[in-house]
1. Going through the DSSP H helices of the chain, which span 27 Å or more along their own axis at the Cα atoms while scoring at least 0.0 as a mean Kyte-Doolittle hydropathy?
2. Relative contact order (percent) for the chain, with alpha-carbon contacts under 8 angstrom and 6 or more residues of separation?
3. Per residue, how much accessible area does region 305-422 show when a 1.4 Å probe rolls over the protein heavy atoms, in square angstrom?
4. Please work out the C-alpha center-to-center distance from region 195-234 to region 303-325 and express it in whole Å.
5. Check cross-link reach from residue 209 to the lysines: straight Cα distance under 29 Å, and skip same-chain residues fewer than eight apart.
6. Under a 10 Å cutoff between Cα atoms, tell me which one of 35, 219, 293 has the largest fluctuation in the Gaussian network model of the chain.
7. To the nearest 20 Debye, how big is the dipole of region 182-232 about its Cα centre, given +1 on the beta carbon of each Lys and Arg and -1 on that of each Asp and Glu?
8. Specify the inter-centroid distance of region 335-394 and region 58-112, based on alpha-carbon positions, in whole Å.
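The values are calculated or read from the model by the stated rules, or taken from the named source; none is laboratory data. The structure presented is a predicted model; accordingly, all values stated were derived computationally and were not measured. Reconstructed Cβ throughout: ideal geometry from the backbone, glycine too, with neighbour counts over all protein chains shown. Protein only, heavy atoms only, side chains kept; ligands, DNA and RNA dropped before computing areas. Shrake-Rupley method; radii C 1.70, N 1.55, O 1.52, S 1.80 Å.
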Amino acid sequence: MPALFRPEEVGDADFSWTRKYGTVFRMMRSFGRDNLFVSDPKALRYILNTRGYRFSRSQSMRFGAQLVTGKSLVWAEVGDQHARQRKIMEPAFSHASVAAFLPVFQEKCHIAIDKWRDIISQNGGNPVVLNVHSWLARLTLDAMGAAMDYELGSLEGNSENQLAKEYENLFSDSQYNRGDGRIIFFDLIGYLPEWTIHLIRNSPDASSKRLKKYFTTANHVARTLILSKMSLLAAGKDAGKDIMSLLGRFRSYCFGCRLAINLVLIVFSALLVAGHETTASTMAWLLYELSRNQDLQDKLRREIAESQRRRGSEELTTQVFESMPLLQAILKETLRYHPIQPRTTRTATQDDIIPLSVPHKTADGKFLNEVAVKKGQQILISFAAYNRLTSIWGDDAHVWNPDRFLNDNGTTKTGLGVISNILTFNSGERSCIG
Ligand code: HEM
């Protein structure tokens, strides 16, 4: 477990174990809990796509999700109407809805760029060291807030804004670099009854206090927002196109189906949690890779300049981004190579037989084409290991090389993931909505 949670580089254990034991093997977590570690494409297609709802999120994962976001989409399962919650949210994430946020995102980017320019000019134009990751986290937080019609002002260093304050380094402070005690604790919570979440949320340790404070503030902000949107809608006024209005509009259609207002409320904190640090860290990796690759950086600048020249004074749209092949390839390769969430966990809800892509040799020399699992079997799915399988990505799978998406040079189609066979956004019913 320490190898998974405190690696030198994310995925180290996943890569070395997969090299040694193959794409499916058995491992033990704390308390001797048996886990099936999987990165085999056919097995993943079965678990995530074909029989998605037969393999639920593990109890400890749900517990953690509930702690931070409440009973949100990130927590929900079949019995908790995951599909229904998802259906409510999907219109707000359609291509057209998201494309409409582009001017909002651009505006936030301009604020960040101006801030960086100011810092450099204050230093007499000399090079300065910026913590790019921290700036990007503030940028995505403000962009996500704006998409929900809420000005967080974290780029402006708005110390008055309580939510922005609660959010600063929330995850690195409370989740990462887990010590042995926290590793065991997170495995242990899988065995606890649901009511104990109140005890954990109210426990006096610093990270629980932090999470609780965030949770309370986020709920308060969400409630104020959604109620104001709904009263605008009720008065027949335009409530705008932001995510919360779209959700509020759905809510107003849905009085008949008794959709709980709490469900809409928790969407706010779930989206902030799921969308902000993931996007910021991915962008930080992208800039890092470009900074090590001057030639590619120059080529990308040329592609952007050429696109700007062609566009002239026309508005910037998502189609413009999509028409830049090198930019697309760099984004995809960064997502493949640096999956921000390297794994997920699932539990088999019934006895099942999981098919495999290639026969797997067992310790006693037999070959298996499938793996039988019992109800309750814990499964650890490694997005990181799958994203680097040489059988899919070729011999240079462990090299960051955007060319593979430019030439489509033999990358095997696996039917997994939401874009270009990459598993970074998960796959199937519970793939990333954002
Ligand atoms: C680079 C950015 C992102 C990455 C790498 C990412 C990755 C993921 C992954 C791996 C999952 C599956 C979690 C699991 O089942 O273990 C997920 C789910 C989810 N993501 Fe993202 N995400 C990103 C951005 C976003 C954004 C911008 C939003 C919202 C605005 C968002 C909202 C969600 C939600 C609501 C879920 C739960 C979906 C469900 O269970 O049906 N994500 N994301």
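1. 206-234, 261-291
2. Value for the chain: 24 percent.
3. On a per-residue basis, 51 Å².
4. Using only Cα atoms, the two centres lie 41 Å from each other.
5. Hits, sequence-local ones excluded: 71, 165.
6. Checking each option, the largest mean-square fluctuation is seen for 293.
7. In debye, rounded to 20, region 182-232 gives about 300.
8. 26
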